[in-house]
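Written out below as structure tokens is the structure these notes cover.
The values are calculated or read from the model by the stated rules, or taken from the named source; none is laboratory data. The model shown is predicted, which means the values in this text are computed figures rather than measured ones. We place every Cβ from the backbone using ideal geometry, glycine too, and count neighbours over all the protein chains shown. For accessibility, only protein heavy atoms count, side chains too; no ligands or nucleic acids. Shrake-Rupley method; radii C 1.70, N 1.55, O 1.52, S 1.80 Å.
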Amino acid sequence: MMNSGAVESVDIEGAVDEASQELVNKLVTLVKNDPGFMSLLKSSIEKLVSEKLVAITDKQDSLQEEQEKLKGEIHDLNVSVNKLERDVVELQNDRSILFEKEHKNKVDMIDMQQYTRRNCLLITGIPESTERDSEGKTIPEDTDQVIMNLAKDKLGIELKVQDIDRTHRASRTLRGDGKPRAIIAKFARYNVRDKIIKDRKKLKGTHIGIHDLLCKAKQEILDKAKDMVKRVPRAQSAWSWEGNIYVLMQLGRPTRYIMRSMSDIQNIIHLYGEMPAE
């Protein structure tokens, strides 16, 4: 059997629905039969729509103005960026030019320093005098005479006193390893110096060597070049001649390069590579 309470509840809900529908129908009829109300409703809707359209149009205009403003700002930024890029390129070019000038000036200065030693030679391996006077004091060494004797006895070159400008040992203090200090000799004329260094091959088999007297920078370049020869397979030898530093490369055929700066050595290492570390 169906519960009477449930039936009563359903009947009440149905009654409410019927009443609501009847109310709606009466309102619709009332609105239809009242031209003033319809006109007011229509006017209100049109006004609301118009206001919304105006707001949308204003918003659209504002957005368009903002968009145009942003386009202008973007254009200005692009112009600024392009100018900055040109300025950067120009600065890089200026920097490269300055670097090249600085490098050239440095190389020229080194060459000038070396030129002042054009008439000089460094002679190594000549024993130092140990002669003493009657009082046991060391007799000062006459290095001019030492060089003249070397030229005559070992090279077959007769030097005169006026051929030598000055000579002296390379240091005031003795070497700690007991080896003789080198002698620095400056000759009065370049042709005298040139004759002596060209005949140095006659000293082969002795402990005496005749070399260019290099300035500090040139000596560092030569030392670096000799070190490079040990590490770069195609580098055969490094030496100095007339104050210039040379490297012999085996590039299918022997090719000689002049090293005027450390960067020249680095360029060869970069081009031809080093031997792998053991």
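A straight Cα-to-Cα reach below 16 Å connects residue 160 with the lysines 152, 186, 195, residues fewer than 8 places away in its own chain not being considered. Dipole check for the chain: with +1 at the C-beta of Lys and Arg, -1 at the C-beta of Asp and Glu, and the Cα centre as origin, the magnitude is about 4040 Debye.
Each residue of the stretch 207-223 was assigned a 3J(HN,Hα) from its phi angle through the Karplus expression (A = 6.51, B = -1.76, C = 1.60, θ = phi - 60°), giving 8, 9, x, 10, 9, 4, 8, 8, 5, 4, 5, 5, 5, 5, 5, 5, 4 Hz with x at Gly and Pro. Using every pair of separate Cα atoms, the Kirkwood estimate puts the hydrodynamic radius of the stretch 230-273 at 10.7 angstrom. If you look at the Cα atoms of the stretch 106-165, you get an Rg and a Dmax of 16.3, 53 Å.
Dividing the Cα radius of gyration of the stretch 141-278 by its Kirkwood radius returns 1.05 for Rg/Rh.
Measuring only protein heavy atoms, the 1.4 Å probe finds residue 154 accessible over about 100 Å². Pairs spanning more than 25 Å between alpha-carbon atoms, out of 154/179; 104/198; 106/216: 104/198. Sequence-ordered 3J(HN,Hα) estimates for the stretch 75-82 from the Karplus curve with 6.51, -1.76 and 1.60 and θ = phi - 60° stand at 4, 4, 5, 4, 4, 5, 5, 4 Hz, glycine and proline given as x. Each Cα pair under 8 Å and six or more residues apart adds its sequence gap; the mean of these over the residue count of the chain is a relative contact order of 14 percent.
Restricting the calculation to Cα atoms, the chain shows an Rg/Rh of 1.75 when the hydrodynamic-style radius is the Kirkwood one.
For the stretch 29-142, the per residue solvent-accessible surface stands at 86 Å², with DNA, RNA and ligands left out and a 1.4 Å probe.
Between amide H atoms placed 1.01 Å from N, distances below 5 Å from residue 188 occur with 164, 165, all of them 5 or more places distant or on a separate chain. Once backbone amide H atoms are built at 1.01 Å from N, residue 181 has 175 as its partners under 5 Å, excluding neighbours fewer than 5 places away on the same chain. How large, in percent, is the carbon and sulfur part of the accessible surface of the chain at a probe radius of 1.4 Å? The C+S portion of the solvent-accessible surface of the chain is 55 percent. Accessible-area rank, largest first, for 118, 95, 166: 95, 166, 118, with all protein chains present and a 1.4 angstrom probe. Rolled with a 1.4 Å probe across the full set of protein chains, the surface gives residue 77 an accessible area near 110 Å². Between 0 and 90 degrees, the angle of helix 262-272 with respect to the longest Cα principal axis of the chain falls at about 70 degrees. Give the angle, between 0 and 90 degrees and rounded to the nearest 10, that separates the Cα long axis of helix 4-32 from the longest principal axis of the Cα atoms of the chain. Helix 4-32 sits at roughly 90 degrees to that axis.
Taking Cα atoms of the stretch 192-240, Rg/Rh with Kirkwood Rh, to two decimals?
Rg divided by Rh gives 1.05.
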